[in-house]
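Visitor: I'd like to ask some things about the structure below.
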Amino acid sequence: MREFLGTGVSPGVGVGPVRVMTGSVPVPPVEPFTGDRVAETARALAALEEVAQELESRATAAGGETHDVLAAQALMARDPDLAGEVTVGVSAGLSAARAVYESFGFYRELLGGAGAYISARVADLDDVRDRTVARLMAHEERGLPESGEPYVLITQDLAPADLALLDPAHCVAFVTEEGGPIGHTAILARAMGIPAIVACPGALEVPVGARVLADGASGRLIVDPEPAQIDKARAAEKARAEAVGSATGPGGTKDGHAVPLLANVGGPKDIASALEHGAEGVGLFRSEYLFLDEAVPPGEAEQIAAYRAVLEAFPRVVVRVLDAGADKPLSFLPPAGVEPNPALGERGLRLLRRHPDVLEGQLRALAKAAEGFPPDRLRVMAPMVTDAEEAKMFTDKCREAGIQQAGIMIEVPAAAVRAHDIAEEVDFFSLGTNDLAQYVFAVDRQVSSLTRLQDPWRPALLDLMAHAARAATDAGKGCGVCGEAAADPVMACVLAGLGVTSLSMSSPSLPLVRAALAAHTLAECQEAARAARAARTARDARAAARAALPALETLGL
Ligand code: PEP
Ligand code: MG
C-alpha cells in the first residue's frame, strides 16, 4: 500500500480504478513555412474560432460557474490582439500551429509574471492554446478516458473545459500532480461537488487500473486501500456532511464565544455564494478585482454601484482599498520604475501613496456608497502597511473622507511585531496570512516549488499572529483573519484560541469552519493554540492542535 499527499480542495471520498487523460498535444516544430501564407493565416484564425465555439457550447451545456470560466476562455481564443500576433507570425514564415503556439507564449509570460491570482489563469490559457494547436496539427486533443466503471482520474493538470465534461457518476474523484487551491479547476470541482486533490506530487506514478482511494478533505491518495480504510474515510465523510448540515447560524464556539464568519469577495458577483454559505458579512472585499482590466482609474459612479451592492447585502463589510502591484498589477497605478522584486516593491498602500488622487477618490466613493447605512456597516482597510506612521496616514485620510471605521491588514512582519504601536492608530486589524507568510518565511508566494515553506502552521507565523491579536485585544480593538489560513477548520479553532475576533474566507469553506468551531469550547481552542505554538515544526504544530481538539474526529477531520 502506498500513499501520496496533496492538497484536498473539494471534500468527499472517491474509490475506484485509476484512469488517465488520453492524447497529448505536441509542441509544433520551428520549421520555416513555405506555403500560401494567406491561406495558412486563415486556417489559424479558423481553428481559433472553432475552439471558441466549442468552448462556448460546453459553457452553455455546463451553466453556473463553469459557464463563466469557459466563456472567458472562448474570449481568449477570440482576442483580436492574439489574432494580430498570429497573423504577424505566419507572415514572418511560421506555420499556423507554430504561430499560434508562440503567440500564446507571449500572453502566457505576461500572465505568469502577474501574480498568484492572475497566473493561476495560465492553465486556462494553455488549454485554449493546446486545443487550437491540436486542431491545426490534426492531432488528438487531450480527452477524458473511456471507462466501463466509475474511476478516479489522475492527471498532470485538468483544464476547466475538461472538468466541465466530467460526469460525477463516472469520475468519482480526480487528482492532479500540479495545480493549486486557487486555480479554476479547484474552484469548479467544489462547485460541481467532485472530490478533488491538487498539487499531489508522484500521483502519476500510480499505474492505470490500480485501485485507489482519493480523500478530497485530507488530500490523501491511497493505493490499494484496505477495506477498513475505505470504511473509515467514508464514515468520516458522512460525519462531516452531517456536522456541516447541522451547524447553522452565526459562527462561535460550543460555549457561545462568538467568532463571526465572513466571506472574502471580489465584487457583487460573489454575493450569492456568500449568502448561500451563511456568511455573516464580508471580511475582505478585494476592490482591485473590480478593476484588473481597466486602463484608467475607475469612475466614482461605477465604484459606488459596486460597493453599494455589497453593502446592501450584508450588515458588515470590510472593503480593502486597491491592493495593486506585485500579484495584481493595475495599469492605472504604475510603480515608479522597473522593480527587480515586485513583491518587495511598491504595492498596496505604498502605491496608493504615490497616487494619492486614486486613494482619495476611492475613499470618497466608499463614503458616498455608505450613506444611509448604519455607521459601522462599512469598514475600510489598507493593504501592505509597514508601521504606525503609514497606518496613521491612512486613518487620517479615511476620517477626512467621513469613513468611521478604518483598519489595516497585518501582512508585513514589521507591522505584526510592532502591532501595539499601530493598534493606537486604527480601529481594527485583519491578518493577511498569505502575505504575512510570504514575508516572514522569505518565500515568494508564486514559487510553487517552495509551498512547503509557506505552511501557515509554521510556529513563527503562529507567534506573529498571536502577538498581533494580543496587541489588538490590549487596545480594545478587533483582529480578524482574512488569509487562506482561516479556511482550514483546524487552524480556525487555533485562531479563535489566539484571540482572533472574526474569520473571513472564500465562501465554500465557511460551513466546515462553522462546524469545527461549534464543536469545541473556547478553552479547547486556547489549549490548541498553546500546544501549536509550543511545537517546533509545522507538522508538530498541526498534530498538537489536533490532539487538543477532541471533536475533530467526530467531524471526520
Ligand atoms: C493576504 O495576503 O493574506 C490577503 C488576504 O490578501 P491577498 O491574498 O489578496 O494578498
Ligand atoms: Mg495580501
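The values are calculated or read from the model by the stated rules, or taken from the named source; none is laboratory data. Predicted model, so just to flag it, every value in this text is computed and none were measured. Don't worry about glycine lacking a Cβ; one is built from the backbone with ideal geometry, like all the others, and counts go over all protein chains shown. Just the protein is used for accessible areas: all its heavy atoms, side chains included, with ligands, DNA and RNA removed. Shrake-Rupley method; radii C 1.70, N 1.55, O 1.52, S 1.80 Å.
Visitor: Heavy atoms only, probe 1.4 Å: what % of the accessible area of the chain goes to carbon and sulfur, would you let me know?
Guide: 54 percent
Visitor: Here is a further query. Bin width 5 Å, alpha-carbon pairs only: give the P(r) of the range 388-427 as whole percents, running from 0 to the bin holding the largest distance.
Guide: 6, 28, 34, 19, 10, 4
Visitor: In µm²/s, what is D for the range 476-521 at 25 °C and 0.890 mPa s, where D = kT/(6 pi eta Rh) by Stokes-Einstein and Rh is the Kirkwood radius from Cα pairs?
Guide: 235 µm²/s
Visitor: Between residue 392 and residue 360, what FRET efficiency follows from the Cβ-Cβ distance if R0 is 22 Å, with the result rounded to 0.05?
Guide: 0.85
Visitor: Okay, moving on. Using the beta-carbon distance between residue 238 and residue 309 and R0 = 41 Å, what value does 1/(1 + (r/R0)^6) give for FRET efficiency, to the nearest 0.05?
Guide: Once rounded, the FRET efficiency stands at 0.60.
Visitor: Considering only C-alpha atoms, what is the centroid distance from the range 338-370 to the range 147-209, in Å?
Guide: 39 Å
Visitor: Take every Cα pair under 8 Å in the range 258-555 that's 6+ residues apart, average their separations, divide by the length, and report that relative contact order as a whole percent.
Guide: Relative contact order of the range 258-555: 17 percent.
Visitor: How big, in percent, is the set of alpha carbon pairs in the range 419-557 lying more than 23 Å apart?
Guide: 31 percent
Visitor: Something else about it: Could you give the C-alpha radius of gyration of the range 258-555 expressed as a fraction of 2.2 N^0.38 Å, taking N as the number of residues it contains?
Guide: Rg over 2.2 N^0.38 Å, computed on Cα atoms: 0.96.
Visitor: Would you mind calculating the relative contact order of the range 135-243 from Cα pairs under 8 angstrom and at least 6 residues apart, reporting the percent as a whole number?
Guide: 19 percent
Visitor: Calculate the FRET efficiency for residue 67 and residue 230 from the Cβ-Cβ distance with a Förster distance of 51 Å, rounded to the nearest 0.05.
Guide: Computed FRET efficiency for residue 67 and residue 230 comes out at 0.90.
Visitor: Still on this structure, please answer the following. Sort all Cα-Cα distances of the range 37-136 into consecutive 5 angstrom bins from zero, then give the percent of pairs in each bin up to the one containing the longest distance.
Guide: Cα pair-distance distribution for the range 37-136, in percent: 2, 15, 24, 23, 18, 11, 5, 1, 0.
Visitor: Write down the Kirkwood hydrodynamic radius of the range 170-226, to one decimal in angstroms, obtained as one divided by the mean of 1/r over all alpha carbon pairs.
Guide: Kirkwood radius, the range 170-226: 11.7 Å.
Visitor: Over the residues of the range 227-368, compute the C-alpha Rg and express it relative to 2.2 N^0.38 Å.
Guide: 1.39
Visitor: Return the Rg/Rh value of the range 1-64, two decimal places, where both radii are evaluated on C-alpha atoms and Rh is the Kirkwood radius.
Guide: Expressed as Rg/Rh, it is 1.17.
Visitor: Could you give the length gained on full extension between residue 208 and residue 463, defined as 0.36 nm per residue of separation minus the Cα-Cα distance, in nm?
Guide: Net length gain for the segment: 87.3 nm.
Visitor: When only DSSP loop residues count, what trypsin sites (Lys or Arg not before Pro) in the range 503-548 have their Cβ near at most 15 other Cβ atoms within 10 Å?
Guide: When the trypsin sites (Lys or Arg not before Pro) of the range 503-548 are filtered for loop state and at most 15 Cβ neighbours within 10 Å, 536 remain.
Visitor: Moving to a separate point now. Could you give the radius of gyration (one decimal) and Dmax (whole number) of the Cα atoms in the chain, in Å?
Guide: So, for the chain, Rg and Dmax equal 24.3, 77 Å respectively.
Visitor: Taking the Cα centroid of the range 19-47 and of the range 427-443, what is the distance between the two, rounded to the nearest whole Å?
Guide: The range 19-47 and the range 427-443 have Cα centres separated by 45 Å.
Visitor: Got a number for the accessible area of residue 364? Probe 1.4 Å, square angstrom, nearest 10.
Guide: Answer for residue 364: close to 120 Å² accessible.
Visitor: Separate question: So what is the relative contact order of the chain, in percent, for Cα pairs below 8 Å that sit 6 or more residues apart?
Guide: 14 percent
Visitor: Please report the spacing between the Cα centers of the range 230-309 and the range 525-552 in Å, no decimals.
Guide: Centre-to-centre (Cα) distance: 26 Å.
Visitor: Given that compact globular proteins tend to follow 2.2 N^0.38 Å, what is the ratio of the alpha-carbon Rg of the range 329-463 to that value?
Guide: Here the answer is 1.13, to two decimals.
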